[in-house]
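What follows is a set of notes on a single structure, which appears directly below.
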């Protein structure tokens, strides 16, 4: 593993570290922690693309099952169509 020196600077009330191109991350979010030796460790957080959509689709699927069951019950409970002579 290679080591490089980079710059730390203030960004508002926070500190920021310039990450050299050789260590470029493929995400815009990271988890940061400090290990037992006091080193800062960055873990890239890959986006959970579509997770909210999947949850919504699961909720709709559950609602659809209940809706379909209610329609079936209603159809079975209703009286048969009356036959009438055309006018």
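Computed quantities for the displayed model
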item: Helix-only [θ]222 nm of the chain, DSSP H runs n ≥ 4, -39500 (n - 2.57) each, per residue, nearest 500; result: -11000 deg cm²/dmol
item: Residue among 17, 30, 60 with the largest mean-square fluctuation in a Gaussian network model of the chain, springs linking Cα atoms under 10 Å; result: 17
item: Helix axis angle, 51-77 relative to the chain longest principal axis, alpha carbon, degrees; result: 10
item: Separation of the residue 17 and residue 75 label points, Cα + 7 Å toward Cβ, nm; result: 6.2
item: Most mobile of 18, 29, 58 in a GNM of the chain (Cα contacts under 10 Å); result: 18
item: For the chain, built as a Gaussian network whose Cα springs stay under 10 Å, the top-fluctuating residue of 50, 66, 12; result: 12
item: Length released on extending from residue 56 to residue 10, taking residue separation times 0.36 nm less the Cα-Cα span; result: 12.6 nm
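Read-outs: derived from the displayed coordinates by stated rules, not from any lab. Here the structure is a predicted model, which is why all the values come from computation and not from measurement. Note: ideal-geometry Cβ built from the backbone for every residue, glycine included; neighbour counts use all protein chains shown.
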